[in-house]
Amino acid sequence: MSYMKKLFGIVMLLAGMVTFVACGDDDSGYMPSDYYRLEVVEANVTFGPDAETGRIVVNTDQDITATSSEDWCTVSVNGSTVYVSVEDFSEITSRNAEVTIKSGVKSVQVPVHQNGVVFALDAPSELVFDNSEVSVKYAMKTNAELIFSTSADWISINPGTDNLEISLSENTTGHMRNAYIYYQKGDMTGSVKVVQCDFDTDIAGKIFYFAGLDLSEEEDVLISEYARFVKDDEGNYFLNFFQYGWNVPVTLASPTEAQISLSNNIGTYSVYTIGFVGWDLDQGYISWNSSVSISAKFYYDDENEVTMANIEDNGSWNGYEISGIRFEAWNAAGSRLGYLEAIGWPFMQEYVPSNATSRSIKQKAFKLNTKPVKVK
């Protein structure tokens with residue numbers, strides 16, 4: 001055998017020996033990291049606010065473990081499937097967690113999302129009906145199992161998958177009535193006000209105190225004038241101060257809201273022409289512009305069994321807010337002299353002689369107050 005052939009044989013023998021020794025050193029079981037498979041093939045982990053379980057399915061040839069980043073999101077493993085459970089959630093904003101799945105030396109993170117409560121009712125925040133028996137459906141959208149209830153037995157509700165049916169019995173009480181529909185999901189609660197009222201039968205004709213603080217006094221003293229709403233033969237409404245024959249023009253915004261206009265002539269008293277004048281007590285200005293009004297928003301006080309009205313500024317006097325009413329006096333020449341009476345932060349309360357809680361509010365004799373005031 002030639003020298004070159006012998007040398008080649010020795011090299012091949014050494015190579016075989018080296019290969020044999022390398023294989024013998026792999027008893028540790030080590031494999032390259034790209035040898036293992038771990039891939040997510042399914043992930044149903046976007047939830048609504050109700051308690052629910054979804055799953056993550058992975059493709060792997062090794063056992064897996066799983067952990068969650070948040071306490072409200074828990075996990076369990078069965079083979080190549082991770083079951084993800086979320087707790088009942090009653091917030092409006094959503095929340096997120098992360099599930100980490102490990103297989104051998106590989107890991108993967110899967111985001112978990114739980115939506116907050118969504119509730120939308122295609123209806124105003126205050127539902128106003130006449131006194132008839134009625135049943136009506138409103139479109140509703142929600143992603144949660146809500147609990148509905150009512151505060152009155154004359155209201156019944158029937159929630160559907162995409163609507164809310166509200167039924168009212170006939171109102172034969174002789175007065176307006178109001179109650180609430182409540183909806184709840186855990187700590188999240190909301191309500192819708194329901195009113196049954198006919199202005200002509202439940203409000204007009206009743207006697208009210210038109211009352212508030214006596215602005216001519218330094219101390220907090222309640223004063224009032226008797227008033228009622230009347231309608232003339234042409235269907236126009238007025239707030240009638242019947243002791244003096246004064247009539248203030250009124251427009252109905254709804255069966256439970258009367259807009260009372262300012263005026264520089266609602267009638268006469270002695271030698272004076274009387275106006276119904278608005279007063280911005282903060283800025284000190286007064287106005288009798290007939291395009292400006294205040295709103296009387298009526299409700300029924302179940303505890304005291306009387307009809308009440310909050311009298312509020314309605315934004316019709318641009319840049320000013322009416323917080324007082326003056327019964328202003330003009331002379332025959334058309335000069336404004338001052339007020340006979342000024343009522344601050346007014347309200348209306350039904351006068352019921354047989355009702356002890358409908359107590360008399362002080363009335364006082366008119367006195368002309370000529371203190372200067374800014375006119376707008």
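The values are calculated or read from the model by the stated rules, or taken from the named source; none is laboratory data. Quick caveat, the model's predicted, so the values are computed rather than measured. Here the Cβ positions follow ideal geometry from the backbone for every residue, glycine too, while neighbour counts run over all protein chains shown. Heads up: the accessible areas ignore ligands, DNA and RNA and are worked out on the full protein's heavy atoms, side chains in. Shrake-Rupley method; radii C 1.70, N 1.55, O 1.52, S 1.80 Å.
Does the stretch 122-142 hold any residues that are at pLDDT below 95, farther than 23 Å from ALA253 by Cα and either open to solvent by less than 60 Å² (accessible area, probe 1.4 Å) or of a type in the set (A, V, I, L, M, F, W, C) (or both), and which are they?
The answer is MET140, THR142.
Of all the residues that make up the stretch 277-299, how many are open to solvent by 20 Å² or more (accessible area, probe 1.4 Å) and either part of a strand (DSSP E or B) or of a type in the set (A, V, I, L, M) (or both)?
The qualifying residues number 5.
Name the residues in the stretch 174-214 that are exposed (fewer than 15 other Cβ atoms within 10 Å of the Cβ) and either among the acidic types (Asp, Glu) or in contact with a helix residue (DSSP H, G or I) (Cβ under 9 Å, 6 or more places away or on another chain) (or both), would you?
GLY174, ASP187, ASP200
Can you name the residue in the stretch 52-62 that is within 15 Å of VAL75 (Cβ to Cβ) and of a type outside the set (S, T, N, Q) and is also surrounded by the fewest Cβ atoms within 10 Å (Cβ to Cβ) among such residues?
In this case the residue turns out to be VAL57.
Check off (1) under 17 Å from SER224 (Cβ atoms); (2) modelled with pLDDT of 95 or more; (3) not polar (S, T, N, Q) for VAL306 and give me the number that stays unchecked.
(2)
Within the group VAL84, VAL110, which residue is out of contact with any Gly (no Cβ under 8 Å at 6 or more places or on another chain) and either of a type outside the set (Gly, Ala, Ser) or at negative phi (or both)?
When all the criteria are applied, what remains is VAL110.
Read through the list (1) open to solvent by 20 Å² or more (accessible area, probe 1.4 Å); (2) assigned to a strand (DSSP E or B); (3) closer than 25 Å to GLU52 by Cα, then give the number of the only condition that ILE157 fails.
Only one criterion is unmet by ILE157, namely (3).
Look at PHE238 and say whether it is open to solvent by 20 Å² or more (accessible area, probe 1.4 Å), under 21 Å from TYR351 (Cβ atoms) and touching a Pro at 6+ places or on another chain (Cβ under 8 Å).
yes
Test each condition in (1) more than 36 Å from the chain's Cα centre (by Cα); (2) surrounded by fewer than 19 Cβ atoms within 10 Å (Cβ to Cβ) for ILE274 and report the one that comes out false.
(2)
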